[in-house]
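Trainee: Could you have a look at this structure, given as C-alpha cells, before my questions?
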Amino acid sequence: MAAGEWYRCLDPELDALRDRARKAVHQHNTLPPDERGAIAPALKALFAAVAADCFVEAPFHCAYGMNITLGAGVYLNAGCTILDCAPVVIGDGSMLGPGVHIYCAEHHKDVALRRAGLEIDRPVTIGKDVWIGGGAIILPGVTIGDGAIVGAGAVVTKDVAAGVTVVGNPARVVR
C-alpha cells in the first residue's frame, strides 16, 4: 500500500491499522466537546502531522489516520470522511465544509480482482487557503491548488488549478 502498488485491502495487518483508527475516531466522536478540544488526543496522535491550531469537528471518520497531514489553521467541519490509504495533505488555512469526503483508493476494474480486494492508492493534496463546500467529494490522485474553491456538492475528478472555482459533477471551472 505504502509503495503505491496494487495490494489486498483485506490484509490482516491493514485490518489492525484500521481498527486502531476506529478506536481513535470513536474517542474523538464521543468525548464531550470540552474534553475533546480541537482534536481528541488519540486522533491527533494517529495523524502523520497536525499543526497546533487545527480543528476537527465531530463526527469525523478516517480509514487509517496515519496518512493525514493538517497544516496550520485547517478546519474540518462535521461529517468529514478521509479514506487515507495514501497520503492526504491539507495545506495551511484550508477549510472543509460539512460532509466533505476525500478518497484515495481505486478498486480494481476486473471483477475477480476487485472481489479479491485488490486496490491501488493515489494521494490527495489540498493546497493552502482552499475552501471546499459541504458535501463535495475529492477523488483519488487529485491535487487542488492554493486558494481554489470547490463548490458544495462538487465531485472533483481532476486536478484544480490555484485560485480557480470549480462546481458540479464532474467539477468544472466557473468562468
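The values are calculated or read from the model by the stated rules, or taken from the named source; none is laboratory data. Please read these numbers as outputs of a predicted model, since none were measured by experiment. Methodologically, a virtual Cβ is constructed for each residue, glycine included, from the backbone with ideal geometry; neighbour enumeration extends over all protein chains shown. The area values use the complete protein model at the heavy-atom level, side chains included, leaving out ligands, DNA and RNA. Shrake-Rupley method; radii C 1.70, N 1.55, O 1.52, S 1.80 Å.
Trainee: Exactly one condition in (1) open to solvent by 30 Å² or more (accessible area, probe 1.4 Å); (2) part of a helix (DSSP H, G or I) is false for Ala78; which is it?
Mentor: Failing condition for Ala78: (2).
Trainee: State which residue is least open to solvent (accessible area, probe 1.4 Å) when the search covers only segment 111-124 and only residues that are at pLDDT 95 or above and assigned to a loop (DSSP other than H, G, I, E, B).
Mentor: The residue in question is Pro123.
Trainee: Of all residues in segment 140-161, how many are open to solvent by 10 Å² or more (accessible area, probe 1.4 Å), under 23 Å from Met66 (Cβ atoms) and in contact with a strand residue (DSSP E or B) (Cβ under 6 Å, 6 or more places away or on another chain)?
Mentor: Here the count works out to 2.
Trainee: Okay, moving on. Give all pairs with beta carbons closer than 7 Å in which a residue from segment 7-31 that is within 16 Å of Lys44 (Cβ to Cβ) and without any contact (Cβ under 8 Å) to a residue 60 or more places away in the chain meets a residue that is among the basic types (Lys, Arg) and buried (at least 16 other Cβ atoms within 10 Å of the Cβ); count only pairs at least 6 apart in sequence or on separate chains.
Mentor: Going by the 7 Å Cβ cut-off, the qualifying pairs are His28/Arg36.
Trainee: Examine segment 56-65 for a residue that is open to solvent by less than 20 Å² (accessible area, probe 1.4 Å), touching a Cys at 6+ places or on another chain (Cβ under 9 Å) and in a loop (DSSP other than H, G, I, E, B), and state whether such a residue exists.
Mentor: Within segment 56-65, one or more residues are open to solvent by less than 20 Å² (accessible area, probe 1.4 Å), touching a Cys at 6+ places or on another chain (Cβ under 9 Å) and in a loop (DSSP other than H, G, I, E, B).
Trainee: Working carefully through the options Val167, Val130, find the one that is on the phi < 0 side of the Ramachandran plot, open to solvent by 20 Å² or more (accessible area, probe 1.4 Å) and modelled with pLDDT of 95 or more.
Mentor: Val167
Trainee: Restricting attention to segment 96-107, does a residue exist that is β-branched (Val, Ile, Thr) and surrounded by 17 or more Cβ atoms within 10 Å (Cβ to Cβ)?
Mentor: Taking every residue of segment 96-107 in turn, at least one turns out to be β-branched (Val, Ile, Thr) and surrounded by 17 or more Cβ atoms within 10 Å (Cβ to Cβ).
Trainee: A follow-up question, please. Could you please find all residues in segment 107-129 being touching a residue at least 40 places away in the same chain (Cβ under 8 Å) and β-branched (Val, Ile, Thr)?
Mentor: Ile120
Trainee: State whether one or more residues within segment 4-12 are under 30 Å from Gly153 (Cβ atoms), assigned to a helix (DSSP H, G or I) and either among the basic types (Lys, Arg) or open to solvent by 30 Å² or more (accessible area, probe 1.4 Å) (or both).
Mentor: no
Trainee: Oh, and also: Any chance you could count how many residues in segment 132-154 are in a strand (DSSP E or B) and either over 14 Å from the mean Cα position of the chain (by Cα) or of a type in the set (S, T, N, Q) (or both)?
Mentor: Residues in segment 132-154 being in a strand (DSSP E or B) and either over 14 Å from the mean Cα position of the chain (by Cα) or of a type in the set (S, T, N, Q) (or both): 3 in total.
Trainee: Right, next: Before we move on, is Ala72 assigned to a loop (DSSP other than H, G, I, E, B) and either surrounded by 18 or more Cβ atoms within 10 Å (Cβ to Cβ) or without any contact (Cβ under 8 Å) to a residue 24 or more places away in the chain (or both)?
Mentor: Here the answer is yes, as Ala72 does meet what is asked.
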